Structures are given as structure tokens and as C-alpha cells.
1. Of the options A:Asn51, A:Ala41, A:Tyr29, report the single residue whose Cα projects farthest towards the positive end of the charge dipole of segment A:3-64 (beta-carbon charges: Lys, Arg +1; Asp, Glu -1).
2. Find how much the distance from B:Asp47 to B:Arg142 grows on full extension, using 0.36 nm per residue of separation minus their present alpha carbon separation; answer in nm with one decimal.
3. As I understand it, the value is the acute angle between the Cα axis of helix B:103-114 and the longest principal axis of the Cα atoms of chain B; what does it come to in degrees, rounded to 10?
4. What FRET efficiency comes out for A:Lys15 versus A:Arg176 if R0 is 22 angstrom and r is the Cβ-Cβ distance? Round to the nearest 0.05.
5. Determine the sum of side-chain charges near B:Glu91: Lys and Arg each +1, Asp and Glu each -1, restricted to other residues whose C-beta is under 11 angstrom from that of B:Glu91.
6. How large is the dipole of the protein assembly as shown about the Cα centre if only Lys and Arg carry +1 and Asp and Glu carry -1, each at its Cβ, rounded to the nearest 20 debye?
7. Rounding to the nearest 10 and keeping the result within 0 to 90°, find how far the Cα-based axis of helix B:67-78 lies from the longest principal axis of chain B.
8. How many percent of Cα pairs in segment A:153-290 exceed 28 Å?
Amino acid sequence: MDAADCELFTEALRKAVQHGVSLDDVGWYDALADDREVAVATLFELQGEHNATSTALDAVVADAAGLPSGRILLPALDSAHAPATITGGRVRVRGICRGGLDSTVIAATNDGYVSLQVSDLQLRPVGGMDPRLELVAITGAVHGAVPEPAGWTAGVAAGQLALAHELVGTSRAMLRLAREHALDREQFGRPIASFQAVRHKLAEAHVAVESAKSAADAAWHDPAFAAVAKAVAGRSARTVARHAQQVLAGIGFTTEHPLHRYIRRALVLDGLFGSSRTLTSEIGAQALRTRHLPRPIPL
Amino acid sequence: MQLDAFRRELDGWLDEHAAELARDASDGDGLDADMAQLAKVKQMTFDAGWMRWGWPQRVGGLGGSPLLRGYLGEALTARDLVEPGTYSMTEVLAPTMIDYARPELAAEMVPRLLRGEEMWCQGFSEPGTGSNLAALSCRAVRADDGWRVTGQKVWTSFAQFAQRCVLLARTGAPDSAHRGITALFVDMDAPGITVRPIETMHGRLEFCEVFFDDVLVPVERMLGEEGQGWSVAMDLLPYERSTSLWHRGAFLQQRLQHLLTDVADDSLSAAELGDVVVQLFALRARSRATQHRLAAGERLGPETSVDKVLLATTEQSLFDLVASAVADDVLTGDDAAGARWRSDYLYSRAATIYGGSAEIQRNVLARRVLDLGPES
Ligand SMILES: Cc1cc2nc3c(=O)[nH]c(=O)nc-3n(C[C@H](O)[C@H](O)[C@H](O)COP(=O)(O)OP(=O)(O)OC[C@H]3O[C@@H](n4cnc5c(N)ncnc54)[C@H](O)[C@@H]3O)c2cc1C
């Protein structure tokens with residue numbers, strides 16, 4: 001896509017995300033096939049900015065992992081492990097679905113997948129920290145399912161990168177809310193945006209947003225960078241949340257102000273496909289094991 | 001020349017000439033040795049053409065994208081052939097000359113800097129003006145034969161090695177603030193200049209006090225117009241935060257890899273190491289994006305303060321990790337390895353001070369990027 005096409009696409013998607021129009025109607029699935037980076041980065045950042053959700057993560061993971069289209073079982077919270085394991089003809093699943101369910105769900109193993117009837121599994125609609133995310137926790141064990149081949153690792157990288165972009169959008173929204181508040185709110189006869197302590201918090205949040213965005217963009221060079229980009233995004237989102245909440249103070253602590261929704265979203269998105277804390281430790285452990293840093297980003 | 005071809009060919013050339021390029025151990029490991037090494041590497045890479053890529057032909061370059069300069073410094077730093085602090089003066093001061101010097105002056109002088117025949121320094125800070133640069137008071141008065149400069153600069157890095165100085169002087173009224181500053185390109189051997197090196201905490205004579213006593217600077221040595229010095233300074237700072245920052249990222253990568261290779265198994269925690277790896281990735285991702293904006297012809301501005309904040313934070317986190325992982329070396333080591341870790345650790349403490357302090361970077365972001373209005 002050239003710059004003009006990108007802009008039109010972004011605006012169409014923004015409307016879809018804001019008003020719950022189907023992604024198919026605005027050509028997002030076609031875009032995913034044509035230009036994966038633009039499709040994923042644009043949609044997930046918008047979803048983050050507007051605190052919206054969809055089942056698009058399924059398509060992203062399925063596309064990369066070679067899974068059929070349909071509802072995909074995502075890994076259980078704070079892990080990137082394949083949600084299904086097979087031992088002696090018995091399939092055990094433990095994972096999460098994002099958005100409404102179909103009659104079947106596709107559950108990946110390390111090197112394949114099985115398609116399961118939802119009615120054979122235990123479902124728990126998740127309220128938790130962020131009920132608006134509409135997660136469903138799924139567990140269960142099924143006999144006799146025969147796996148087809150697929151590549152889970154590629155699905156993990158794709159999922160992590162999409163979520164990194166969604167966290168960037170979420171962080172951007174929190175910074176926007178805090179900035180607007182700082183300019184509007186007056187104390188001691190002037191806008192709180194004039195106080196250096198407030199300004200530096202917002203500057204710090206801006207640095208966090210920008211570093212997460214650069215890391216997510218750079219990770220498109222190599223799927224091996226996806227986990228570290230997700231770690232940057234999760235960590236940045238927590239930084240932005242902390243500063244935004246402090247700047248918004250009392251009003252930001254109420255449900256009358258939208259900030260809380262973004263904070264909730266950031267915390268749960270950080271937990272999907274491995275939290276920044278877990279991923280960071282894994283990245284460090286890997287470097288210690290091999291005695292090599294991950295390959296640097298090429299210029 | 002495209003980046004991929006440049007990378008391949010340069011890597012081959014560096015492998016081939018590894019022995020000649022390597023530091024001469026008999027030079028020792030002080031600043032003098034670093035300077036000698038820098039001059040040697042610049043001369044060899046200039047004569048072989050590498051150092052000329054990415055610079056305009058009118059200053060002795062071969063043209064091509066600034067990304068080529070980005071890769072050259074990265075490769076030299078990754079191989080530990082140059083120290084990025086001394087190397088950075090080229091990337092900061094040559095673009096300023098190209099943008100603001102008379103074309104003949106730039107054509108005469110820039111090749112000397114690129115080829116390592118000369119070292120240049122940057123005379124901005126004064127005893128009374130660090131962060132508040134616009135209040136500087138070193139005076140230049142117009143005389144028949146040029147500008148006459150009187151005053152003092154301080155913390156001028158490498159001034160004792162420098163043949164030239166990019167100097168900011170007050171040419172307007174004392175209270176003319178940023179409007180009354182002019183940039184001059186000064187010969188350091190001009191009569192009336194005295195340089196006194198200052199020992200830094202990391203054990204080097206890294207910077208100097210420079211005294212100017214009625215020093216004559218010819219009018220042709222003005223950079224830009226009279227009163228344009230503030231723009232010169234503001235345009236120079238983003239260079240400090242683009243190509244040379246990319247090089248410093250490569251340096252941090254190299255030092256962290258070094259730590260990982262050197263250190264005993266149980267002295268690094270996975271979580272702490274991972275944290276630095278993650279920060280370093282974000283820094284280099286951001287710096288890479290800035291390099292590409294520069295290469296696309298975008299004008300860099302206050303948004304590069306993001307890059308500087310990330311650099312300073314990452315550099316300090318990295319050397320905090322060093323200080324705990326190889327505490328013996330850093331605290332009590334008297335051999336070469338100990339001295340180097342200690343020096344690098346201590347120097348990292350300055351990352352939030354030089355080139356605009358951490359607080360000043362945040363002020364810039366708040367005012368000029370986030371548009372938060374004036375401070376109270
Ligand atoms: C290793 C090194 C190399 C250097 N090389 C050079 C060089 O080559 N050429 C050169 O010209 N200079 C050089 N400098 C000087 C450097 O640019 C100054 O040290 C820097 O700009 C800070 O000025 P200062 O030290 O006077 O601190 P001050 O300006 O006195 O600041 C002291 C403290 O107050 C804070 N502060 C000041 N103003 C504000 C404000 N408005 N809001 C919030 N906080 C504020 C600062 O952030 C800092 O923490 C170098 C410094 C170092 C450490």
C-alpha cells in the first residue's frame with residue numbers, strides 16, 4: 001500500500017473499530033493477505049486506541065501458524081505454550097478465546113492442531129480485570145482427535161507482535177487522556193500542565209509510547225524479535241499507565257473517566273502470549289544459555 | 001552504493017585488514033592511544049573510500065545515503081576499533097559545517113576531519129551556562145580584521161587534541177539571549193587561546209577549560225550569519241542524537257556481549273540481563289527509525305530527545321548490571337579489564353548530563369513535542 005492508500009484504509013478501519021462494523025466489510029482480511037504488516041499494525045493499534053476488541057487475533061495467529069480459519073484457542077494467561085497437548089490419543093486443552101465462540105475451536109499443539117467441538121469442553125466466561133475484553137477460558141480433555149500439521153512457533157510470534165501493536169495503541173490513548181487533562185485542569189490558578197513534575201511524567205510516558213512503537217515496527221524484520229517487542233510494549237504500557245493515573249489523579253480513579261478501561265486492557269493484554277516480566281526473563285535465560293545476545297536489529 | 005552492498009564489502013575489507021586496523025598494544029590504553037587509534041582508522045577507511053560514503057561530494061565525499069555512515073560507525077564500534085565518544089565528534093560537527101560554513105571553508109576543512117588529520121571540538125558550555133545555553137557570555141566583538149573573542153568555555157571535550165573549535169559566542173547585547181549568539185569556526189592554535197585539561201571521574205583528561213583572550217577570528221570563519229548561532233546549535237544537537245547515537249547503541253551491544261562472554265555463570269540473573277536486552281532493543285529500534293528518517297531527507301528536531309532519553313537510561317541500566325555482575329573488577333580490579341569496566345561504568349553516569357541533561361530532554365519533549373505550553 002502507498003501512503004494515500006494507507007490513510008484511506010486507516011480511516012475506514014477506524015470507523016469499523018469505533019462502530020463495531022465487521023472487519024470483512026472494510027476489507028481487513030484481504031489486507032491481511034496482501035500486506036500483513038500494514039493490516040496488523042493498523043488494526044491492532046486502533047483497537048488499542050479505542051479500547052475495542054475483535055476476533056482478528058485468531059486470523060493473525062492462524063495465518064502465521066498455518067491453521068484453518070475459525071475460532072482459535074489462544075494460550076492460557078502468561079504463557080506462549082501451545083494450548084493443546086496430546087498424550088496417548090487424549091487431547092488436553094487449556095487456553096483462552098477472545099470474543100464470541102463458534103461451535104468448534106481450533107487448538108494448536110507444538111507441531112499440529114486439532115479441531116474440537118466446543119460442547120465437549122468446559123467454558124468459563126472471564127470477567128476479571130477487563131470484562132469488556134470478552135475472554136472465555138476453556139479447558140478440557142477429548143479422546144480420539146487426530147492432529148493435522150501446523151507451526152505453532154510462527155503463530156506465537158505473530159500473536160505477540162499483534163498484541164505489541166495493540167498495547168502501543170492502548171498506551172497512546174492513556175497518554176492522550178492524561179495530556180488533555182493536564183491542559184484542562186487548573187490548580188493554584190494555572191493548568192497543571194505547567195508544573196514540571198507533571199510535564200516530566202508526560203514526557204516519560206511519551207518516551208515509553210515511542211519506544212514501544214519503534215520496537216514493534218522493527219520486529220517485522222524477523223519473527224525472532226516478536227517476543228522482545230511484546231516485552232517492550234508491556235513494560236511501556238505499565239509505565240504509561242502509572243504516569244497517566246498519577247496525572248489524572250482523582251478523576252482518573254473513577255469509572256466516570258475512561259482511563260480505567262485502558263489500564264485494565266493494558267494489564268490483561270500484557271498477560272496474553274507471555275507478560276513482559278515472563279518474556280524478559282526468558283530472553284535473559286536464553287542469552288545466558290547460549291552466551292550470545294539476540295542478533296541486533298540491522299540498520 | 002546500496003546499504004546491503006556496502007555492508008558486505010565493508011565487512012570483507014575489515015576482515016581482510018583486521019591486523020592493520022587493530023589497536024597497537026604498545027600505545028597503551030589511555031586517551032592518547034584512543035586518539036592515535038582513531039586517526040589511524042579514519043585515515044585507512046578514508047583512503048579506502050569507506051569513510052567518504054554518505055557525505056556530499058563537495059566536501060570530499062562520494063555521496064550516497066547517510067545510512068552508509070551509520071553502518072560504518074556501527075561496524076567499527078562493534079569490532080572495538082574506535083571508541084564511539086571520540087568518533088562522534090565527526091558525526092556531530094561535519095554536518096554542521098556542511099550546513100552552515102561557507103562552501104569553500106567546508107570543502108577545505110571537512111575532509112581533514114573525515115580523514116583523521118584533525119580533531120575538532122565543540123565550545124558551547126561555560127562556567128556560568130550549562131543547561132541555560134542561551135545565557136552564554138563568551139564575547140565576540142567585531143573589529144576591522146574580524147571577530148575578537150574573549151571569554152571562557154568549559155567541559156570542552158578533547159580540546160587539547162583539537163585543531164579547530166565550533167564556538168558559540170555572544171555578539172549581541174549581554175541580555176540578547178538566544179538572538180545575540182554567533183557561531184565561529186576557530187583555529188585552536190590562534191594566539192590568545194589557552195587550554196587546560198580537566199581530569200574526569202572516569203580517570204581521563206576527557207575535557208578542558210578553554211580561555212580566549214582577544215583571539216582574532218576572521219569574518220569568513222562565521223558559521224551562518226551573525227546572530228544565527230542558536231540555530232546552528234539547535235540543528236547540531238539532533239545530529240548528536242542520530243548517527244552517533246546509532247553508533248553508541250552498537251557500543252552498548254558490544255559491551256553487553258563482552259560481559260556475557262566474560263562473566264561467571266552465577267553472577268547474572270536472567271531477569272536482570274533480560275531487562276537490559278529488552279531496553280537495548282527498544283533503543284536500537286528507535287535509533288534505527290531515526291536513521292531512516294534522516295536518510296529520507298527529513299529534518300530532525302526535538303523529537304530526537306526521545307532517542308537521547310532512551311540512550312541515557314539504557315546505558316546506565318547496562319552499566320548498573322555490569323557493576324553488580326563484575327563488582328570485583330569494577331571496585332578492586334587494577335588490571336586492564338578492571339580498568340576498562342570501571343571507566344565505562346563511571347562514564348555511563350555522565351549519559352544523563354552531557355548533550356543536554358535528562359531533565360532538559362524532558363523539558364524539550366514537554367514543550368516542543370507534547371505541546372504542553374509554558375512552564376510555571
Ligand atoms: C562527559 C561530558 C562531556 C561534555 N562535553 C562537552 C563539550 O564537548 N562541549 C560543551 O560545550 N559541553 C560539554 N559538556 C557539558 C554539558 O553540556 C553540560 O554539563 C550540560 O549541558 C549540563 O550543564 P551543567 O553541567 O552546567 O549543569 P546545570 O545546567 O547547572 O544543571 C544542574 C542540574 O540542574 C538541572 N536543571 C538545570 N536547568 C533545569 C531546568 N530548566 N529544569 C529542570 N532541571 C534543570 C540539570 O538537569 C542538572 O541536573 C560535557 C559534559 C560532560 C559531563
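1. Of the options given, the answer is A:Asn51.
2. Fully extending the segment from B:Asp47 to B:Arg142 adds 30.2 nm.
3. Once rounded, one gets 30 degrees.
4. Taking R0 as 22 Å, the efficiency between A:Lys15 and A:Arg176 is 0.75.
5. Cβ neighbours under 11 Å give a net charge of +2.
6. 1640 debye
7. Its long axis makes an angle of about 50 degrees.
8. When every Cα pair of segment A:153-290 is considered, 24 percent fall beyond 28 Å.
The values are calculated or read from the model by the stated rules, or taken from the named source; none is laboratory data. On a predicted model such as this, the values are computed, not experimentally measured, just so you know. Cβ coordinates were reconstructed from backbone atoms using ideal geometry, including for glycine residues, and neighbour counts include every protein chain displayed. Keep in mind that these areas ignore ligands, DNA and RNA; they rest on the heavy atoms of the full protein, side chains included. Shrake-Rupley method; radii C 1.70, N 1.55, O 1.52, S 1.80 Å.
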